[in-house]
Amino acid sequence: MTDYQQLVKDCLKGKATAQQKLYDLYAEQMLGICYRYTKSLADAEDVLQEGFVKVFKYLHQYRSDGELGAWIRRIMVNTAINYLKQNSKYQYDLSFTDPALHPVSEDNPQVYMQAKELANLVRQLPTGYQTVFNMHAVEGYTHVEIGEILGINEGTSRSQYMRARNLLINWIEKHSVESKLGLYAGK
Amino acid sequence: MPENDFEKQVQQLFNEMRLKPSAEVWPKVNNRIRKEKRRKSTFIWLPLILLLLGAGGYWLLQSNNSIPPSNPITKTTPAPGNDNADISSGAESIPKVNPGDISKTNQQKIIIEVPPSAGNADTGDNLNNDGSGSGSRASKGQRNSVKPPVNIQALDNTKQQARPVVQLPVPDNAGNNKIFNSRNNNLLSKQLIAAQQSVETRASLLPGVKTEKILNGITNDNLFGNKLNAAAETTPVKLTKKKVWEWGISGGAGVSSVSEGLFDLFGSGSADKAFLNAAPNAPNMSNNIGFLTGQNSLLAALPPPASTVKKGLAWQGGGFVKRKMNSRLAITAGLGYSYYSTNRAVGNDINNYRLSLGNTRNDANANYAGYYIGGQYINYVNRYHFIEIPVGVQWQLSKSVKLPLQLNGGLSFSYLANTTAVHYHPQTGSYYKDNALFNKMQVGAYAGLSAKIFEKTQRPLYLGPVIQYNLTNLLKPSANLSQHFMYAGLKAEWVLWKK
């Protein structure tokens, strides 16, 4: 029996130490995910809290053959999406009213930036773009799946993603230029 | 460069992203987990506790019922003398001791008195050394051949249902009578047997508790035959869940009328007065009326008075729901259709002439469906169709098993869906229809008494009289008249479902 399996078993028995251990093990990684989906750290922590409550509530449904981290991650993503749907301040921004397709950007710039910097750029996207981008680019959902989860058309998802990607690339390039200028200026 | 290089880079960056949550998050998560756990355990334990309580209650009831209720003895039963056909056929004889020695003072008690020196013809053989007695005769189920030298006095009052207390004086070692009581009146037959048995045994060594033990082997058949068995039959107690919700259909029929106010209910009703007499929006037909009726202008200028509005038939139908709040109080609500009517005498129908009334006011609204010239010729039925929502309470007055009575009261909110009622036009003495003059929304108060019939069945019926008085004026304020609807009749409510 692996450590993880034992940990899950102990958590299922209701051992507080095991539960805290599980939380400590995954909280930082999961907060990174929640952070990408929300607009503020407080909201991200709310999602994290809600997500972990669900993790412990449904831990008995976890099958030990899969990776525990992936299972928790999936719960966090679903919790984040539900949070966006239920939270009024995200609802307006989450509306997907632009079904027009946008041309795929040919740009594939090298991302020379920290993860948090990139996450902050992603968080500057409108919530709809942000959500679709996170789900497709990072979590790997297909547009069909995204459409089903968010209740939108596949085409809408694709369109939102393209716009998000183009915007993000522009911002990254701009960020790179500014960084270089700053670098030169520093010299 | 492949298209998804950007995505790969992003994915890689974000997969490595870590953010340290604030210290408040874990305690919150922990609290919620504990709460969830407590709630879960409550959900698990609550049914178990309820189940146990239910089982305990059921067991208690069953144990109480396992001993048949006594048949209240209503008169003094002398000890059987030579006639012992029901008791024994034996030949042994025990001398009678104090046949009338049972106290008559306490009617709640059945006292079986056994004197300490009562017959010793059959003593030592039936007793063990500890005094408990082997009960060789009794335990073997042999017929007791001994006539009990007892006299039983029980309740004189046949209506008295209180549990009799059996007091069996048993002599202790000192020779004094000890009385042990049994609250359980169902043990009457056994106690009688005990008395018989104690006569046979050595009384000075017979503790009461042991006496009962001895007697356990003796069946009622052995001693008293079927008579006592029949009296000792039990009534099974049904443990059914108390149902608080009742749904059903309701209906009723009676008479309806209109009045000027509550005082009309008890005095001379305004039904005799003009109904709907002076509607201000009445069409101005004074110039045409003579023409229409062929009357001369003088007659037309002196119109006949409004005819009397008489009571009419009414009926109601609908559904109801009832929720019992406690053993006596219930809240009821319903939805139904009510038809009310009143009668009045009108003249000829001149509806055909209506189109010729060029100067009638409001004619463009087409409110006036017909006109009747005043005159006592034709009976006209004013029909009213209401949709009603009665909301009220039901109070159980008596808990009579045969016919429980309920007092009903509440408010009825109704909507006048349609009416064919006519208004009286005092200037012309004619009658005309104008539904716009009616208050469509009505609020009434109702009260009634109902008896619950077939109470023991799954679908009981409530039946009784009901009166209703509409607090809202039937006419709009513009009519400047006070008219209130009244209804009196019989109402039935049939419960179809209970939950």
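Can you tell which of B:ALA417, B:ALA421 is at pLDDT below 90, within 21 Å of B:THR342 (Cα to Cα) and out of contact with any helix residue (DSSP H, G or I) (no Cβ under 7 Å at 6 or more places or on another chain)?
Unique residue meeting the criteria: B:ALA421.
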Quick check: is even one residue across segment B:424-432 farther than 21 Å from B:TYR380 by Cβ and part of a loop (DSSP other than H, G, I, E, B)? no
Within segment B:458-481, the residues that are touching a residue at least 40 places away in the same chain (Cβ under 8 Å), in contact with a Lys or Arg (Cβ under 8 Å, 6 or more places away or on another chain) and either among the hydrophobic types (A, V, I, L, M, F, W, C) or surrounded by 15 or more Cβ atoms within 10 Å (Cβ to Cβ) (or both) are B:TYR462, B:GLY464, B:VAL466
All-but-one check, B:SER450 against (1) surrounded by fewer than 19 Cβ atoms within 10 Å (Cβ to Cβ); (2) in a strand (DSSP E or B); (3) within 12 Å of the chain's Cα centre (by Cα), failing number (1)
Practice problem: Answer yes if at least one residue in segment A:142-152 is outside any helix (DSSP H, G or I), more than 24 Å from B:MET17 (Cα to Cα), touching a residue at least 12 places away in the same chain (Cβ under 8 Å) and out of contact with any His (no Cβ under 8 Å at 6 or more places or on another chain), and no otherwise. | Solution: yes
Item to complete: Restrict the check to segment B:404-414 and report whether at least one residue is within 24 Å of the chain's Cα centre (by Cα) and either in a loop (DSSP other than H, G, I, E, B) or more than 25 Å from B:LEU329 (Cα to Cα) (or both).
Response: yes
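Inside segment A:1-91, counting only helices (runs of 4 or more DSSP H) that do not spill past its ends, which hold 3 or more residues that are within 14 Å of chain B (Cβ to nearest Cβ)?
A:3-13, A:16-37, A:41-57, A:68-86
The values are calculated or read from the model by the stated rules, or taken from the named source; none is laboratory data. It should be emphasised that the depicted structure is a prediction, and the values quoted were computed from it without experimental measurement. No Cβ is skipped: glycine too gets one built from the backbone with ideal geometry, and neighbour counts run over all protein chains shown.
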